[in-house]
1. Collect the residues in region 59-72 that are open to solvent by 50 Å² or more (accessible area, probe 1.4 Å) and modelled with pLDDT of 95 or more, keeping them in residue-number order.
2. Between ALA28, ALA75, which is free of Cβ contacts under 8 Å to residues at least 40 places away in the same chain and open to solvent by less than 80 Å² (accessible area, probe 1.4 Å)?
3. Here are ALA78, ALA36: which of them is aliphatic (A, V, I, L, M) and part of a loop (DSSP other than H, G, I, E, B)?
4. Considering region 1-21 alone, what residues qualify as being on the phi > 0 side of the Ramachandran plot and either surrounded by 15 or more Cβ atoms within 10 Å (Cβ to Cβ) or in contact (Cβ under 8 Å) with a residue 24 or more places away in the chain (or both)?
5. Residues that are open to solvent by 80 Å² or more (accessible area, probe 1.4 Å), free of Cβ contacts under 8 Å to residues at least 12 places away in the same chain and assigned to a strand (DSSP E or B): does region 39-58 have at least one?
6. Could you please give the count of residues in region 22-40 that are within 22 Å of LYS10 (Cβ to Cβ), over 19 Å from the mean Cα position of the chain (by Cα) and polar (S, T, N, Q)?
Amino acid sequence: MEQRPIVEIKARRDGPYKVTGPIRLIDADGNEYDLAGQGESVALCRCGGSSTKPFCDGTHSKIGFRGAERAVAEADAAARARRSRGPRPAD
């Protein structure tokens, strides 16, 4: 049985998705992006600010983008801290 190459998608901290491995990238109209010259990996925008979408152009660092996984973790930690303090006394 032929073993397929592994494709890895990594959400970089407050940055793009780094996709490593053999992929085909198709737009909403069914057109394939030319990935020749991209090397082993591509960085895909997840901040929404790139002028070269779907590719990352580094805008995330200029606009202070925070990845959702960190924002959710911080919100969960804040909620746990509030719960651990118990109910607030009534006025």
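The values are calculated or read from the model by the stated rules, or taken from the named source; none is laboratory data. It should be emphasised that the depicted structure is a prediction, and the values quoted were computed from it without experimental measurement. Neighbour counts run over all protein chains shown; Cβ positions are idealised from the backbone, glycine included. Only protein heavy atoms, including side chains, enter the accessible area calculation; ligands, DNA and RNA are left aside. Shrake-Rupley method; radii C 1.70, N 1.55, O 1.52, S 1.80 Å.
1. SER61, LYS62, ILE63
2. ALA75
3. Details: ALA78 fails: part of a loop (DSSP other than H, G, I, E, B).
It is ALA36.
4. If the condition is that a residue be on the phi > 0 side of the Ramachandran plot and either surrounded by 15 or more Cβ atoms within 10 Å (Cβ to Cβ) or in contact (Cβ under 8 Å) with a residue 24 or more places away in the chain (or both), then ASP14 is the only one that fits.
5. Our first condition is that a residue be open to solvent by 80 Å² or more (accessible area, probe 1.4 Å); within region 39-58, this holds for 40, 51, 53.
Now narrow it down to the ones that are free of Cβ contacts under 8 Å to residues at least 12 places away in the same chain: 51, 53.
Among the residues that remain, those that are also assigned to a strand (DSSP E or B) are: none.
There is no residue in region 39-58 that is open to solvent by 80 Å² or more (accessible area, probe 1.4 Å), free of Cβ contacts under 8 Å to residues at least 12 places away in the same chain and assigned to a strand (DSSP E or B).
6. Of the residues in that region, 0 qualify.
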